[in-house]
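Here, each number is a calculation from the coordinates, and none is a lab measurement. Fair warning: this is a prediction, and the values are worked out from it, not measured in the lab. FYI the Cβ positions are ideal-geometry reconstructions off the backbone, even for glycines, and counts take in every protein chain you see.
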Amino acid sequence: MSNYCVGVDIGGTTVKCGLFTVKGELIDKWEVVTRKEDGGKNILPDVAEALKAKLSEHQVANDDVAGIGLGVPGPVEPDGYVSVCVNLGWKDIYPAKDMEALMDGITCKTGNDANVAALGEMWVGGGIGHNSIVAITLGTGVGGGIIVDGKIVAGAHGLGGEVGHMHVRDDEHEFCNCGGQGCVEQAASATGILREAKRNLAKTDEPSSMRDFGEELTCRDVCDCAKAGDKVALETLNTCVSYLAKGLALVTYVVDPEVFVIGGGVSKAGQFLIDLIAGYFAEYTPLAKKKPDIVLATLGNDAGIYGCARLVLD
Ligand SMILES: [Zn+2]
């Protein structure tokens, strides 16, 4: 049996790479600049070149590598086909097949980045010890990854786990990036929370420490003010979190996970945020006598490389 596996998390700006033992210990990690020009044709060759150098540096032979997992920021079909990936300039490509050719036949697999991040959190992160987890990333947008019985639920069209675009809010009239209105992402992303705070500040004269930040106000400030007991900030966060919890309740009635793992920049608000989510979640799931745990993600930006590496171990 091989002792090592490799995770390659391909982002629009950089490609994060990690060399792991098959037990999930990170040996080394490095980054490669994502060259998106010319239809992204240099991306995989650049990654392969850097990877070959790293394997030789750590004296790891090709036949001691169980595989290389590739995480892609876009839909991936079950056979690994990527019809289009706007963030990388890719069109009509089987990234794993191309990578295998570049890496002298080492087995490669491709997954969607949010889904593989969930797999990483299940392997050695916040969801460790569980088989069925839903990972939610609250960042600029809201991403999701669903794993049931150890398997990623990618769906027939690559839309499985797109919890950020579930419609949960009827009184939202602005449009989401997806073209819809009232998505979880519009309420519970960092962008969404900040927007809600600004709306609330505009409609009241109530004093609020959020006003001290002026135009510089960030989602983090909103969370900090709420923690300190600021009324308008608390109201804001309660509204946003209630919509997120509604989304989690819907997911629960479809896949009934053991645990929700909450990550992304917004999750830096910590246990305060988790407790707030759990309160609304309980209200929306009376049928669930035994509630899933709601926990913080622990791998941060490395969840992707862990998950990509784990992808090749099945
Ligand atoms: Zn949307």
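Data for the structure
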| read-out | value |
| --- | --- |
| DSSP-defined beta bridges in segment 128-298 - what % are antiparallel, rounded to 5 | 50 |
| Sorted by Cβ density within 10 Å, fewest first, the residues 191, 218 | 218, 191 |
| Separation in nanometres of the label points that stand 7 Å from Cα toward Cβ, at residue 26 and residue 52 | 2.7 |
| Three principal axis lengths of the chain [C-alpha, angstrom, descending] | 65, 45, 34 |
| Computed over segment 210-261, Kirkwood Rh from alpha-carbon pairs, angstrom | 12.6 |
| Relative counts (whole %) of C-alpha pair distances in segment 233-314, using bins that are 10 Å wide | 17, 43, 30, 9, 1 |
| Average silhouette area of segment 137-250, convex hull of alpha-carbon atoms, in square nanometres | 8.1 |
| Normalised contact order of segment 22-101, rounded percent, pairs of Cα under 8 Å and 6 or more residues apart | 29 |
| Theoretical FRET efficiency, 1/(1+(r/R0)^6), r = Cβ-Cβ of residue 282 and residue 38, R0 45 Å, to 0.05 | 0.30 |
| Above-threshold pairs, the threshold being 26 Å between Cα atoms, out of 23/151; 41/151; 23/109; 54/109 | 41/151 |
| Anisotropy class of segment 27-71 from Cα gyration tensor, a/c 1.5 cut | prolate |
| The chain: relative contact order in percent, alpha carbon pairs under 8 Å with at least 6 residues between | 22 |
